[in-house]
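The values are calculated or read from the model by the stated rules, or taken from the named source; none is laboratory data. These numbers come from a predicted model, not from an experiment. Here Cβ is always computed from backbone atoms with ideal geometry, including for glycine, and neighbour counts include all displayed protein chains.
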Amino acid sequence: MKKIMTTHFSKQVLDWYEIHGRKDLPWQLNKTPYRVWLSEIMLQQTQVVTVINYFKRFVHTFPDVESLAKASEDEVLHLWTGLGYYARARNLHKCAKAVMSDFGGKFPDNQTDLESLSGIGRSTAAAIISLAFEKPATILDGNVKRVLTRYKMVEGWPGNKKVENELWELAENLTPKTDNAEYTQAMMDLGATLCKRSKPRCEECPVKQDCFARLESRQKEFPNSKPKKDKPTKSTFMLIQLDKLGRIRLIKRPSKGIWAGLYSFPEYEKIDDIEKLMGSDNHKLGSFKHTFSHYHLQVHPVVVKGCDSNEVRSDDNEIWYHPEVTEEIGLNAVVLKVFKKLKDI
DNA sequence: GAGCCGTGGCG
DNA sequence: TCGCCAAGGCT
């Protein structure tokens with residue numbers, strides 16, 4: 001009985017995919033394990049529309065794992081600038097080097113070896129096995145979770161371990177051994193285009209007649225939402241020093257914590273801390289709020305012009321940045337936002 | 001298990 | 001304006 005239902009489900013999904021699935025995303029063309037891996041990392045917690053241009057720029061600069069492994073971390077972070085979750089970029093680089101040194105430059109095609117690599121967990125490993133090597137594997141990403149929690153009305157927040165284990169088992173039971181790559185892509189397409197979080201297009205869904213949530217008109221309740229927690233608000237004064245050549249002083253952030261390894265402005269807790277150092281001849285840009293996944297940051301940019309770049313003691317972590325001269329480095333979205341504000345004044 | 005780790009879009 | 005969250009993984 002179970003097997004019949006399983007076959008039924010995957011057949012419906014596969015038939016739908018053949019007609020409605022996405023088959024010409026950049027990483028689906030010239031498909032290689034490298035391109036599949038890169039896309040899977042970029043797509044972690046990030047939507048397709050955001051990733052597309054980053055992916056194109058990245059493979060243009062680093063067309064294969066060897067070129068990526070040889071790059072500097074700053075170059076890699078540069079191509080990740082604005083994409084967020086920068087640990088992904090550092091792990092990506094680390095992974096590329098490991099593939100070169102430990103796997104002869106070829107991505108492994110099994111779950112254990114793939115999961116031993118930085119940045120690759122159970123679902124990403126399965127996606128690579130399925131999509132790149134076309135061997136049977138089961139993924140469980142946000143799309144699949146959304147589809148399955150609705151299909152079987154799975155109660156509880158999917159981030160909860162018990163719920164997640166339940167979903168893994170369900171996912172594995174539904175995954176076919178044949179046409180596995182198509183099925184994997186189909187489930188993600190289904191979740192992304194029809195079984196969306198808001199306004200799901202159930203009428204067009206290939207499994208609508210068996211979907212418990214739809215049959216009870218409870219689609220909105222699934223997946224159950226994450227228990228909410230208030231985000232604290234922090235405040236920071238960012239010192240933007242310009243020298244006579246229009247260069248900007250940036251400091252490389254530590255290898256742990258927010259924006260690790262990226263260049264950013266020096267930060268101070270109070271305006272007094274800046275004026276004690278620089279004097280009171282400064283210009284305040286409008287403060288603004290930047291929101292992270294786990295807290296809000298109220299940013300107060302303070303501009304000091306006409307600095308003498310020779311006067312500031314410079315170590316390896318400091319640079320005077322000029323977009324057209326400075327070698328490529330990683331920047332965060334707040335720095336980009338401030339750059340834009342500077343242009344407007 | 002729970003916190004950490006970005007960003008932009010949407011309702 | 002604001003909370004929510006999108007192709008997760010690491011510690």
**OP:** Give A:Thr81, A:Thr46 a once-over and let me know the one that is within 16 Å of DNA strand B (Cβ to nearest atom), in contact with a strand residue (DSSP E or B) (Cβ under 8 Å, 6 or more places away or on another chain) and assigned by TED's automatic domain parsing to the domain that holds A:Lys135.
**Re:** A:Thr81
Original post:
What are the residue pairs meeting all of these: first residue in segment A:268-296, first residue closer than 14 Å to A:Ile240 by Cα, second residue of a type outside the set (Val, Ile, Thr) and assigned to a loop (DSSP other than H, G, I, E, B), Cβ atoms under 8 Å, and 6 or more apart or on different chains?
Top reply: A:Ile274/A:Asn282; A:Glu275/A:Asn282
Original post:
Among (1) within 16 Å of DNA strand C (Cβ to nearest atom); (2) part of a helix (DSSP H, G or I); (3) surrounded by 13 or more Cβ atoms within 10 Å (Cβ to Cβ); (4) not hydroxyl-bearing (Ser, Thr, Tyr), where does A:Asn173 come up short?
Top reply: (1)
Subject >> First in segment A:97-119 and more than 18 Å from A:Glu40 (Cα to Cα) and assigned by TED's automatic domain parsing to the domain that holds A:Ala87, second anywhere and of a type in the set (Gly, Ala, Ser) and surrounded by 15 or more Cβ atoms within 10 Å (Cβ to Cβ), Cβ under 6 Å, 6 or more apart >> reply: A:Met100/A:Ala69
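From the list A:Pro33, A:Pro63, A:Pro26, pick out the single residue that is touching a residue at least 40 places away in the same chain (Cβ under 8 Å), more than 16 Å from DNA strand B (Cβ to nearest atom) and under 24 Å from A:Tyr86 (Cα atoms).
Working: A:Pro63 fails: touching a residue at least 40 places away in the same chain (Cβ under 8 Å); A:Pro26 fails: touching a residue at least 40 places away in the same chain (Cβ under 8 Å).
Only one candidate passes the filter, namely A:Pro33.
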Subject >> Number of the exception - A:Lys199 against (1) at negative phi; (2) within 16 Å of DNA strand B (Cβ to nearest atom); (3) assigned by TED's automatic domain parsing to the domain that holds A:Thr138; (4) not aliphatic (A, V, I, L, M) >> reply: (1)
**OP:** Considering only segment A:202-247, state which residues are away from DNA strand C (no atom under 16 Å from the Cβ), under 30 Å from A:Glu18 (Cα atoms) and charged (D, E, K, R).
**Re:** A:Glu203, A:Glu204, A:Lys208, A:Asp210, A:Arg214, A:Glu216
Original post:
Residue check, A:Gly119 against (1) within 23 Å of the chain's Cα centre (by Cα); (2) away from DNA strand B (no atom under 16 Å from the Cβ); (3) at positive phi, all met but one. Which one?
Top reply: (2)
**OP:** Determine the pairs where a residue that is without any contact (Cβ under 8 Å) to a residue 12 or more places away in the chain, located within segment A:204-223, has a partner that is in a helix (DSSP H, G or I) and charged (D, E, K, R) with Cβ atoms under 6 Å apart, the partner being 6 or more residues away or on another chain.
**Re:** A:Lys208/A:Arg214
**OP:** Only residues in segment A:131-153 that are assigned by TED's automatic domain parsing to the domain that holds A:Leu194 and closer than 22 Å to A:Leu38 by Cα count as the first member; pair them with residues that are basic (Lys, Arg) and away from DNA strand B (no atom under 16 Å from the Cβ), Cβ under 6 angstrom, at least 6 apart or cross-chain, and list the lot.
**Re:** A:Pro136/A:Lys177
